[in-house]
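Structure record follows, encoded as structure tokens.
The values are calculated or read from the model by the stated rules, or taken from the named source; none is laboratory data. These numbers were taken from a predicted model, which means no experiment stands behind them. For neighbour counting, all protein chains shown are included, and Cβ atoms are generated from backbone atoms with ideal geometry for every residue, glycine included. To get the accessible areas, we keep the full protein, side chains included, count just its heavy atoms, and leave off ligands, DNA and RNA. Shrake-Rupley method; radii C 1.70, N 1.55, O 1.52, S 1.80 Å.
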Amino acid sequence: MLSKEKTIERTKRQIVISLGISLIVPLLLLTLFYRKKNKLQKVINEKEHELFVQERIKLENEQEIERVLGMLEGQAIERDRIAGEIHDGVGGDLAGIKLNLSKINASLHNEQIDGVIQRLTGLFQELRSISHNLSSHFLKDRDFYVVLAELEQEYRARNEFALEIVVYPREAFKEVSETFKHQLYRIIQELLTNASKHAKAQKVGLNITRHDDFFNIIVEDDSIGFGQIQHSGIGLKNIRDRIKSLQGTISIESQPNNGSFITIDIPCK
């Protein structure tokens, strides 16, 4: 009987141990699973938050680009209106005055009147050039390389500063949209206007290089440098807005009386 009792007792202990193990193991597994799940959920939450932040930033950037594009479109419409007024209004009046003077002077042969007619001719050509530059249709179906060459000659004729424009390769603007060329032309115009009005430069170099997926534009001059006013002025703001509309970047390095170095990178597409 004593032996049987010991056997029963041993069997009970084994049963208790087995039951204990059968309870503990699932609990441990459940605890590990719960911890793993919490850890995984935390990672998922973090990733979802990151995606949310990225999407919010992307949306804000898209909204900002849309705002800038809307503003630039409004500027383009106003430029076209002014260009039309100059070409058809003031230009037409000047052409009429020149024609009348020519008729009057046909019998008088007055040299002073001839001089006035010549000045009117020069003024008419200048207004015509201004209206073309203002118009958004100025670049349509034109070789952009030729347009830049004309701009270079225009500044050389003004004798404001020595301008050199280098484009590489020659066909850099092949298969580039009209919108891209229009915005780029306005950016270049603003940069040269800044160099003319504020920087007091003697020499200005403009280099445009097309890489596989972006344009690199470098403008270097021997100016007095950009002051605080030029950095926050309307001209540079317009340049930054146009670059932003093309999803590009701009970097300006300038020291007082030591010239300025501007680098612009714009994606091709």
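Okay, here's what the table says:
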item: Solvent-accessible area, 1.4 Å probe, carbon plus sulfur percent, for the chain; result: 56 percent
item: Distance violations [Cα-Cα > 24 Å] among LYS140/LYS174; LYS47/LYS269; LYS174/LYS197; LYS174/LYS203; LYS140/LYS244; LYS58/LYS237; result: LYS47/LYS269; LYS174/LYS197; LYS174/LYS203
item: DSSP-loop trypsin sites (Lys or Arg not before Pro) across the stretch 168-224, with at most 16 other Cβ within 10 angstrom; result: ARG170, LYS174, LYS200
item: Packing rank of 9-15, 234-240, where each peptide gets the mean count of other beta carbons within 10 Å, highest leading; result: 234-240, 9-15
item: Accessible surface, per residue, of the stretch 136-200 when the full set of protein chains is kept, probe 1.4 Å, Å²; result: 54 Å²
